[in-house]
1. Got a number for residues in region 1-36 being modelled with pLDDT of 90 or more and either exposed (fewer than 10 other Cβ atoms within 10 Å of the Cβ) or not β-branched (Val, Ile, Thr) (or both)?
2. Among the residues of region 85-98, write down those that are part of a strand (DSSP E or B) and either of a type in the set (Val, Ile, Thr) or at pLDDT below 95 (or both).
3. Being under 13 Å from the mean Cα position of the chain (by Cα) and assigned to a loop (DSSP other than H, G, I, E, B) is the filter here, so list the residues in region 44-74 that pass it.
4. What's the number of the only condition in (1) of a type outside the set (Lys, Arg); (2) in a loop (DSSP other than H, G, I, E, B); (3) within 12 Å of the chain's Cα centre (by Cα) that Phe77 fails to meet?
5. Could you please find all residues in region 1-43 being of a type outside the set (Gly, Ala, Ser), more than 10 Å from the chain's Cα centre (by Cα) and not in a loop (DSSP other than H, G, I, E, B)?
6. Only one residue in Tyr100, Tyr45 is touching a residue at least 60 places away in the same chain (Cβ under 8 Å) and among the aromatic types (Phe, Trp, Tyr). Which one?
7. Do the conditions hold for Leu50, that is, is it at pLDDT 95 or above and within 20 Å of Gly99 (Cβ to Cβ)?
8. Among the numbered criteria (1) exposed (fewer than 13 other Cβ atoms within 10 Å of the Cβ); (2) in contact with a Lys or Arg (Cβ under 7 Å, 6 or more places away or on another chain), which single criterion is violated by Val57?
Amino acid sequence: MSYDREKDPFADRARSMTAPASASRLLTPSDTQELELYPKALRVYVPLSLGEATLRVTPLLAADDAAVTLTFLAGVFTEPLVIRKLWATGTTPGIVVHGYEV
């Protein structure tokens, strides 16, 4: 079933970075490709079996060589950071990362 504007009470309101996300996309780490769409925030799931995990990202306005490594304990987290790249190198295998979109 596709989107039905009649069921959306917020259809006439402007979407913004401070508004709730309107979509979520599974992100795949890559050392060669930037993300197709830049998410406004991340949802990170780290399984209990890992205990702790890292996520290497390039923030939206950072230089190409200015990747940041974020560390998360086991659980589900929302990271309010706009990124343009999710690196395979430096990102722990086995975690699940979704990007929230405006």
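The values are calculated or read from the model by the stated rules, or taken from the named source; none is laboratory data. Bear in mind that the values here come from a model prediction, so they are computed numbers and not experimental data. In this analysis, Cβ positions are derived from the backbone assuming ideal geometry, glycine residues included, and neighbour counts consider all displayed protein chains.
1. Applying the first criterion (modelled with pLDDT of 90 or more) to region 1-36 yields 24-36.
Remaining after also requiring either exposed (fewer than 10 other Cβ atoms within 10 Å of the Cβ) or not β-branched (Val, Ile, Thr) (or both): 24-27, 29-36.
Going through region 1-36 one residue at a time, the tally reaches 12.
2. First, the residues of region 85-98 that are part of a strand (DSSP E or B): 85-86, 96-98.
Those that are part of a strand (DSSP E or B) and either of a type in the set (Val, Ile, Thr) or at pLDDT below 95 (or both): Val96, Val97.
3. Filtering region 44-74 down to residues under 13 Å from the mean Cα position of the chain (by Cα) leaves 44-45, 55-60, 70.
If the condition is that a residue be under 13 Å from the mean Cα position of the chain (by Cα) and assigned to a loop (DSSP other than H, G, I, E, B), then Leu60 is the only one that fits.
4. Failed condition: (2).
5. Matches in region 1-43: Arg5, Glu6, Lys7.
6. Numbers: Tyr45 fails: touching a residue at least 60 places away in the same chain (Cβ under 8 Å).
When all the criteria are applied, what remains is Tyr100.
7. Details: at pLDDT 95 or above: yes; within 20 Å of Gly99 (Cβ to Cβ): no.
Against the criterion (at pLDDT 95 or above and within 20 Å of Gly99 (Cβ to Cβ)), Leu50 does not qualify.
8. Just one mismatch for Val57, condition (1).
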